[in-house]
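Chemist: Right, I'll just put the structure down here and ask away after.
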Amino acid sequence: MKIYIGSDHAGFALKEKLKIFIKELGYEVEDKGAFSLEPTDDYPDFIIPVAKEVALHPDSLGIILGGSGEGEQISANKIDGVRAIEYYGGNLEIVKLGREHNDANVLSLGVRFIEEEEGKEAIKIFINTPFSNEERHVRRLKEIGKINKNFKILYYIGTLILFIIGLIFYVLKTSSIEEFPKKINYLELWPIFILIIFISLFIIKANRKIK
């Protein structure tokens, strides 16, 4: 299994140590930055790449670090397919439950509130705890997944409508509706027709997935 890791300046020092620790556990690690200590850097520049990699590779996990870990968690969860949880000290059971109940695939660590050993223990639990696959948890995750998919369908429908409206305006600008079929060169419109068909197929596919 591959582990993607990323951090801003606040978690940079601990990230470098955790990379070694994860490799010692026997896992492949890919560092998405930061690659040097820059006090003015911005965490989304390093967290979003981790989240995107995890979303693209379902068998992977992500570890992200920041001062509080909160902004990092929020950023990661903006990526469809990512389920990021946070640990900033205290009972490590929360990490275990995040994996068992929520199938979390990204762990955010608030480095200002944890010691190095706590971070290592949290990572071990995160990596070694599987999703329970209990029906109630699967059902709830599906409900959450519908949210992004519904927005995607609206986006596709909106795009299709805009193209149709654009085509109508093109017709009206070119000639009257009665004259349009005689004057228009349909070969000029083939890219638009293909795009409309492509978007329609996406809408149908997304709708089937939700059901």
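A short reminder: the numbers here are calculations on the coordinates, not readings from a lab. Remember, predicted model here, so these are calculated numbers, not experimental data. For neighbour counting, all protein chains shown are included, and Cβ atoms are generated from backbone atoms with ideal geometry for every residue, glycine included.
Chemist: Roughly how far apart, in whole Å, are the Cα centres of the stretch 103-147 and the stretch 6-53?
Modeler: The stretch 103-147 and the stretch 6-53 have Cα centres separated by 18 Å.
Chemist: Still on this model: Find out how many positive minus negative residues lie around N133, taking Lys and Arg as positive, Asp and Glu as negative, among other residues whose Cβ is under 14 Å from that of N133. Intermediate values should be presented prior to the final figure.
Modeler: Numbers: positive: R99, R136, R139, R140, K142; negative: E100, D103, E134, E135.
The answer is +1.
Chemist: What is the sum of charges around V50, taking Lys and Arg as +1, Asp and Glu as -1, for the other residues whose C-beta is under 10 Å from the C-beta of V50? If you can, show how the numbers build up before the last one.
Modeler: Values: positive: K32, K52; negative: E30, D31, E53, E72.
Spelling it out: positives minus negatives among the neighbours equals -2.
Chemist: Which pairs, out of K2/K146; K32/K142; K15/K78, put more than 25 Å between their alpha-carbon atoms?
Modeler: Working: K2/K146 27 Å; K32/K142 29 Å; K15/K78 22 Å.
Checking Cα-Cα distances, K2/K146; K32/K142 exceed 25 Å.
Chemist: What is the P(r) of the stretch 2-128, as percent of Cα-Cα pairs per 10 Å bin from 0?
Modeler: 15, 52, 31, 1
Chemist: Further question: Quick one: if the Förster radius is 25 Å, what FRET efficiency do K17 and H137 give, using the C-beta to C-beta distance and rounding to 0.05? Please list the in-between numbers first.
Modeler: Details: r = 33 Å, r/R0 = 1.31.
It comes out at approximately 0.15.
Chemist: In sequence order, what are the phi-derived ³J(HN,Hα) couplings for the stretch 134-142 according to the Karplus relation 6.51 cos²θ - 1.76 cosθ + 1.60 with θ = phi - 60°, rounded to whole Hz, with x for glycine and proline?
Modeler: 5, 4, 5, 6, 4, 4, 5, 5, 5
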